[in-house]
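Student: There's a structure below that I have some questions on.
Since every read-out is calculated from the coordinates, none of them should be taken as a lab result. For clarity, every value in this text was computed on a predicted model and none was experimentally measured. No Cβ is skipped: glycine too gets one built from the backbone with ideal geometry, and neighbour counts run over all protein chains shown.
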Amino acid sequence: MEKLFTKTESLYDLPTHYCPGCGHGIAHRLIAEVVDELGIREKTIGIAPVGCAVVAYDYWNFDCSEAAHGRALAVATGIKRVRPHNIVFTYQGDGDLAAIGTNETIHAANRGENLSVVFINNAVYGMTGGQMAPTTLLGQKTSTSIEGRKKEKHGFPLKISEMLALLPGVCYIERVSFHTPAEVLKAKRAIKLAFENQINNLGFSLVEILSPCPTYWGLNPKEALDWTRDIMQKEFPLGRIK
Amino acid sequence: MKKDKILISGNEAIAQGAIDAGCNFYAGYPITPQNEIIAYMSKHMADSGGVSIQAESELAAISMVYGASAAGARSMTSSSSPGISLKQEGISYIAGAQLPAVIVNIMRGGPGLGNIAPSQSDYFQATRGGGHGDYRLIVLAPASVQEAYELTRLSFDLADKYRIPVMILGDGILGQMMEPVELRPKTKTIPQKSWALSGCRGRKPNIVKSFFLREGALEEFNKTLQKNHQIISKNEIRFEEINLSGAKVVLVAYGTMARIAKSAVAKLSSNGKKVGLIRPISLWPFPKTAFNSKDKKLKYLTIEMSAGQMVEDVRLAVNGRNPVEFLGRSGGGVPTEEEIINKVKKLL
């Protein structure tokens, strides 16, 4: 009989520590499934972020490194340059990739480092308790923008994916979302392409995921998915950017 | 047979020492007075199959070194004082993740942007860990271009042996001056690193991290770091001593300052004065055992290109048994031979 689905070897059989309705668990699984499908588990090296997914290596069954907040792409550069035959990816939130690590992000992309990036955009700092992120929407309330983000005071949501798309060293950028199962499957295809690009030595690839954070959006899990579909997507349109 | 020597600067000797030690990853950012290192690595690393990257910042350079070391490379970064301040984040993570790495600090005057004159005012930062958390680095201070070459080679072996960051602490004079150097054959065997990230083929996944959230876990881990520190403190003390027998005044100086102190000792000795010198080579671990004189009248005179930093370690080592005097200049000032001789004469 044909086997349609088996346990994902790259994912440990463990309950996660994430809040109900959080997108991290889905993103971890998609990466693990892609790694299995590409048969690269034994040569994959993941870089776990600082933030809610800090212990992502507790869930992934392959080699991983921690990186200081914002430095994931510099750490990944060091690993990939000395081990060009390994598959190296970073997993980073919006604060990590687009605030404290903007410099590392732009320059790794501009050097065309042959790396894959999974960028979790949930428009908020989760681990530290719901502060304003570089991608927080105008009007969105956080603990450091209690009346909602104001452009005069806080500036605008940063569209780092569009910025990176301008760089000649960048091979592929796509923005995806988790708001329906069909969108989740699209997200998986995007992640797979980002890994395949690295296998084919094509350079820097990044997948931005609009990922729900019900806890710090003050919504229930269903409302949070609807919010990514109805509100967040207007600021961060889905689709291939490069 | 007479060995061939080449005339190179201290900075170039450090770079060549790294390459000869099997360094296969370098990342740096330009800053005076250590620019010859990044230029030398850019020019020569590829010839030996290594990688050299000019990073976008000091933070990125040290993080690249973290990554390369995590992947099993022999890796190095270099900078000068303000840049070393920026690197402290990464150095703390390297120490916390028990990774080997070599960091070169060719010190200049501070604080702030300071100046580009030679200085020894980063001694506290270097020997106390420098970044956040309970950790130390091995700190080695060369006093000649040949020694810069040798200690750089040694630093890679120590980093791998103890899985600890090692700092070469020089100053602008050492970095810039040229001396004849005898090179040795390249290190052939680099230790196997079973903990390194290489892909988990045939083994369980390796994780490189410094994060210990469970209650008590970090305390437990830090005890292993401190045990390593104790072993290093026992095994890796290095110093040079001159004319200690019968000395009434013993100078204490490291690096460039020790060379000037050494000529003061030679002049004073030729005039019949009983003066000696202790030159710490390992600044951490500090060579406490060198300060073991039974003569209670002996005076130590610590000389530094700083407002007085190593003198605190000398006082801790002497522990009140003898007087410890200090002579120093800060902000790029270098105590002269004459100033040293005058000070010694007052103490005799």
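Student: Among the aspartates and glutamates, select those whose C-alpha is under 16 Å from the C-alpha of residue A:43, and discard any that sit fewer than 8 residues away in the same chain.
Tutor: A:9, A:33, A:63, A:196
Student: Taking a cut-off of 27 Å, what percent of all Cα-Cα pairs in the stretch B:1-156 are separated by more than that?
Tutor: The calculated P(r) of the stretch B:1-156 puts 16 percent of pairs beyond 27 Å.
Student: Next question, about the same structure. Each label point is 7 Å from the Cα along the Cα-to-Cβ direction; what then is the distance between the points at residue B:221 and residue A:37, in nm?
Tutor: Distance between label points: 3.4 nm.
Student: Taking the Cα centre as origin and putting +1 on Lys and Arg beta-carbons and -1 on Asp and Glu beta-carbons, what dipole magnitude results for chain B, to the nearest 20 debye?
Tutor: 1180
Student: Compare the Cα positions of B:322, B:303, B:254 along the charge dipole of the stretch B:218-336 (+1 at Cβ of Lys, Arg; -1 at Cβ of Asp, Glu; about the Cα centre) and return the one farthest towards the positive end.
Tutor: With unit charges placed on the Cβ atoms, the residue in question is B:322.
Student: Take the alpha carbon atoms of the stretch A:181-239, find their radius of gyration, then divide it by 2.2 N^0.38 Å using N residues; give the quotient.
Tutor: 1.35
Student: When Lys and Arg each count +1 and Asp and Glu each count -1, what net charge do the other residues less than 12 Å away from residue A:42, Cβ to Cβ, add up to?
Tutor: Net local charge, residue A:42 excluded: +2.
Student: While we're here: For chain B, modelled as a Gaussian network with Cα springs under 10 Å, which listed residue fluctuates most, B:150, B:337, B:240?
Tutor: B:240
Student: Now for a separate question. Give me the Debye-computed log₁₀ of I(q)/I(0) at q = 0.06, 0.08, 0.12 Å⁻¹ for the protein assembly as shown, equal point scatterers on Cα only, no solvent, two decimals.
Tutor: The Debye formula, applied to the Cα set alone, gives -0.37, -0.61, -1.11.
Student: Taking the stretch B:53-117 as the region of interest, what is the percent of Cα-Cα pairs per 5 angstrom bin, listed from the shortest bin to the one with the maximum distance?
Tutor: Whole-percent P(r) values from 0 Å outward: 4, 19, 28, 23, 15, 7, 4, 0.
Student: Write down, largest first, the equivalent ellipsoid semi-axes of chain B in whole Å, where each equals the square root of 5 times an eigenvalue of the alpha-carbon gyration tensor.
Tutor: So the three semi-axes of chain B are 35, 23, 18 Å.
Student: Starting from the stretch B:1-70, pick out the trypsin sites (Lys or Arg not before Pro) whose DSSP state is loop and whose Cβ has at most 15 other Cβ atoms within 10 Å.
Tutor: Sparse-neighbourhood loop trypsin sites (Lys or Arg not before Pro): B:2, B:3, B:5.
Student: Kindly state, to the nearest 0.05, the FRET efficiency for residue A:219 paired with residue B:54, given R0 = 56 Å and r defined as their beta-carbon distance.
Tutor: FRET efficiency, residue A:219 to residue B:54: 0.75.
Student: Separate question: For the stretch B:150-281, give me the percentage of DSSP beta bridges that are antiparallel, rounded to the nearest 5 percent.
Tutor: Among the beta bridges of the stretch B:150-281, antiparallel pairing accounts for roughly 50 percent.
Student: Antiparallel DSSP bridges in chain A: what percent, to the nearest 5?
Tutor: 20
Student: How large is the dipole of the stretch B:1-145 about the Cα centre if only Lys and Arg carry +1 and Asp and Glu carry -1, each at its Cβ, rounded to the nearest 20 debye?
Tutor: For this selection, approximately 320 debye.
Student: Just need the Rg to Rh number for the stretch B:240-347, please, alpha carbons only, Kirkwood Rh.
Tutor: Ratio value, two decimals: 0.92.
Student: Here's another thing I want to ask about it. Which number gives the lysine pairs in the stretch B:6-235 that have C-alpha atoms under 17 Å apart and are eight or more places apart or on different chains?
Tutor: Within the stretch B:6-235, the lysine pair count is 8.
Student: Which angle from 0 to 90°, rounded to the nearest 10, does the C-alpha axis of helix A:72-82 make with the longest principal axis of chain A?
Tutor: 20
Student: All other residues with a Cβ under 13 Å from the Cβ of residue B:62 taken together, and with Lys, Arg as +1 and Asp, Glu as -1, what is their net charge?
Tutor: The answer is -2.
Student: Just to confirm a number: summing +1 for Lys and Arg and -1 for Asp and Glu over residues other than residue A:230 whose beta-carbon lies under 15 angstrom from that of residue A:230, what do you get?
Tutor: Net charge around residue A:230: -1.
Student: Based on DSSP H runs of at least 4 residues, each adding -39500 (n - 2.57), what is the mean residue ellipticity at 222 nm of the protein assembly as shown after dividing by all its residues, to the nearest 500 deg cm²/dmol?
Tutor: -10500 deg cm²/dmol
Student: Per q in 0.14, 0.17, 0.18 Å⁻¹, report the Debye log10 I(q)/I(0) for the stretch B:147-300, using one uniform scatterer on each alpha carbon and no solvent.
Tutor: Summing over Cα pairs of the stretch B:147-300 leads to -0.92, -1.14, -1.20.
Student: Give the Debye-formula value of log10 I(q)/I(0) at each listed q (0.11, 0.23 Å⁻¹), with one equal scatterer per alpha carbon of the stretch A:1-67, two decimals each.
Tutor: Cα-only, vacuum Debye calculation for the stretch A:1-67: -0.26, -1.03.
Student: Using a Förster distance of 51 angstrom, determine the FRET efficiency expected from the C-beta separation of residue A:146 and residue B:32, and round it to 0.05.
Tutor: So, using R0 = 51 Å, E works out to roughly 0.65.
Student: Moving on. Given H placed on each backbone N at 1.01 Å, which residues far from residue A:130 in sequence or on other chains put an amide H within less than 5 Å of it?
Tutor: Under 5 Å from the amide H of residue A:130: A:125.
Student: For the stretch A:1-155, build the charge dipole from Cβ charges (+1 Lys, Arg; -1 Asp, Glu) around the Cα centre, then report which of A:136, A:155, A:85 sits farthest towards its positive end.
Tutor: Looking along the dipole axis, the top candidate is A:155.
Student: Based on other C-beta atoms within 10 Å, arrange A:8, A:135, B:77 from fewest to most.
Tutor: So the ranking, lowest neighbour count to highest, is A:8, A:135, B:77.
Student: Mind checking the dipole of chain A: about its Cα centre, +1 per Lys or Arg Cβ, -1 per Asp or Glu Cβ, Debye to the nearest 20?
Tutor: Result for chain A is approximately 480 debye, rounded to the nearest 20.
Student: Just the ratio, please: alpha-carbon radius of gyration of the stretch B:115-237 over 2.2 N^0.38 Å, N its number of residues.
Tutor: In units of the globular-protein estimate, the stretch B:115-237 measures up at 1.31.
Student: Describe numerically, in nm with one decimal, the distance between label points set 7 Å from Cα along Cα→Cβ at residue B:240 and at residue B:43.
Tutor: 2.7
Student: Can you pull the percent of Cα pairs in chain A with separation above 33 Å?
Tutor: Here the long-distance tail beyond 33 Å is 12 percent of all Cα pairs in chain A.
Student: Which value in nm describes the separation of the simple spin-label points at residue B:4 and residue A:231, placed 7 Å from the Cα toward the beta carbon?
Tutor: Rounded to a tenth, the inter-label distance reads 7.2 nm.
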